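**Student:** The structure follows.
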Amino acid sequence: MIRRYSNIDISKHTTFHLPIVVNEFIEYDTVEELIGLVKELKSGDRRFIHLGGGSNMLFNSRYDGAVLHCCCKKIEETGRDVSHVTVHAAAGTIWDDFVKFTVESNLYGAVNLSYIPGEVGGAAVQNVGAYGAEAKDIIDSVEVLDTYDMNCKRLSLESCAYGYRDSVFKHEPGRYIVTGVNFRLGLSECFSLEYGPLAELASDPALTLGKVRSRIIEIRRSKLPEPSELGSAGSFFKNPVVDYSVYENIKKNYPDIPSYPLSDGTVKIPAGWLIERSGMKGYRVGGAEVYTKQCLVIVNTGNATAEDVMTLKELVQDAVKKNFGVEILPEVNIIES
Ligand code: EPU
């Protein structure tokens, strides 16, 4: 069923909870309804955007257009061989419901991505990642509506062109609407515990997916704001990737700098660390604040506006550039009004 709401504040449909009024908010349940809606919007020459769980979007206070949202939530096993199971999840499925399903079904590969806010469609666009895992590691293919030719397609993993919080969906914004994702999960025991705070679990002889999930939820709760309590979009910035010489230069003054060396000789540095060392921890503009427990996150302390967040973003970027000569870019998708 299609539900339409005119001139409505959609702040409760985003995790930032910033006030944002849109011309029309349209919820739908099926791919057929989506096709009809996109045809209607295109023929009326109307601007539109698709929203997932709203966990990685920053709108200005008004969006002159229609916002579409998929309400279809479905998770089902679609295939099985001796070593793997394929699972299909509809785009509107809550991401963590999918991860919970894999843990309860004893399927390996998704557990490190526990408790990430958002929906399955958005997770495939964003290539969400945490604790040494990324969505692309378990994605087999992504089902989309190609709004250019209005055909439903299944994109292979290769055609999704995944990178660090990057995908074809970000390179061609507006072209594809994800309708469902096919995942490939392992049947044999395989944990990924390299990330610091998870390493202690490696010594547990009776480790289960449930135990790993509980630990990850505990870590996330201690470092990241609960979207229901404090608005945010998770990591606001991406961790910058710099040349080895830039990293070495910073290390001279900060021997404790955390780093993740990459195979091409470059180095990924945690933006949260750079922001904290630039003196921006807890810095406020209006109701927007650099989160004190994790500087990579900008929080809405209650009455922030998109303007507050954008001003704070610029100040944080300037401070890091001035102190370290490194440019940090937003992970959040900024939507023009
Ligand atoms: N650090 C600081 N100060 C801070 C934040 C971090 O010094 O304010 C230091 C930490 O002490 C640690 C290092 O920076 O040594 C890395 O911090 P952390 O392990 O918390 O991870 P991160 O690099 O800041 C990334 C992802 C998170 C993901 C975590 C865990 C990005 C942009 N962020 O953060 O993803 O949960 O790793 O794997 O890659 C998200 O995308 O929304 C998100 C939360």
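The values are calculated or read from the model by the stated rules, or taken from the named source; none is laboratory data. It should be emphasised that the depicted structure is a prediction, and the values quoted were computed from it without experimental measurement. Positions of Cβ are backbone-derived with ideal geometry, glycine not excepted, and every protein chain shown enters the neighbour counts.
**Student:** If Cys295 satisfies every condition in (1) touching a residue at least 40 places away in the same chain (Cβ under 8 Å); (2) in contact with a Lys or Arg (Cβ under 6 Å, 6 or more places away or on another chain); (3) near the ligand (Cβ under 10 Å from one of its atoms) but one, which is the exception?
**Tutor:** So Cys295 meets the others, but not (1).
**Student:** So Gly196 passes all but one of these: (1) closer than 30 Å to Asp81 by Cα; (2) at pLDDT below 95. Which condition number does it fail?
**Tutor:** (1)
**Student:** Something else now. Cβ contacts < 6 Å: first residue more than 17 Å from Gly118 (Cβ to Cβ), restricted to the stretch 59-74; second residue assigned to a strand (DSSP E or B) and of a type in the set (A, V, I, L, M, F, W, C), any location; separation 6+ or different chain. Result?
**Tutor:** What qualifies is Arg62/Val21; Tyr63/Val22; Gly65/Phe48; Ala66/Ile26; Ala66/Phe48.
Conditions (1) assigned to a loop (DSSP other than H, G, I, E, B); (2) more than 30 Å from Thr305 (Cβ to Cβ); (3) over 21 Å from the mean Cα position of the chain (by Cα), marked per residue:
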| position | (1), (2), (3) |
| --- | --- |
| Lys12 | no, no, no |
| Thr15 | yes, no, no |
| Pro19 | yes, no, no |
| Phe25 | no, no, yes |
| Glu32 | no, yes, yes |
| Gly53 | yes, no, no |
| Cys72 | yes, yes, no |
| Glu76 | no, yes, yes |
| Val82 | yes, yes, yes |
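**Student:** Among the residues of the stretch 159-181, is there at least one that is within 16 Å of the ligand (Cβ to nearest atom), β-branched (Val, Ile, Thr) and touching a residue at least 60 places away in the same chain (Cβ under 8 Å)?
**Tutor:** So far as the stretch 159-181 goes, no, none of its residues is within 16 Å of the ligand (Cβ to nearest atom), β-branched (Val, Ile, Thr) and touching a residue at least 60 places away in the same chain (Cβ under 8 Å).
**Student:** Right, something else. I'm trying to understand the selection: among the residues of the stretch 316-334, which are surrounded by 14 or more Cβ atoms within 10 Å (Cβ to Cβ), part of a helix (DSSP H, G or I) and not polar (S, T, N, Q)?
**Tutor:** Here is the first cut: in the stretch 316-334, the ones surrounded by 14 or more Cβ atoms within 10 Å (Cβ to Cβ) are 316-317, 319-321, 323-324, 326, 328, 330-333.
Then drop every residue that is not part of a helix (DSSP H, G or I), which leaves 316-317, 319-321, 323-324.
Result: Val316, Ala319, Val320, Lys321, Phe324.
**Student:** Among the residues of the stretch 98-107, is any under 20 Å from Thr14 (Cα atoms), in a helix (DSSP H, G or I) and either at pLDDT below 95 or not charged (D, E, K, R) (or both)? Steps first, please.
**Tutor:** Within the stretch 98-107, the first condition is being under 20 Å from Thr14 (Cα atoms), and the residues that meet it are 98.
Remaining after also requiring in a helix (DSSP H, G or I): 98.
Now drop any that are not either at pLDDT below 95 or not charged (D, E, K, R) (or both), which leaves 98.
Yes; the residues of the stretch 98-107 include at least one that is under 20 Å from Thr14 (Cα atoms), in a helix (DSSP H, G or I) and either at pLDDT below 95 or not charged (D, E, K, R) (or both).
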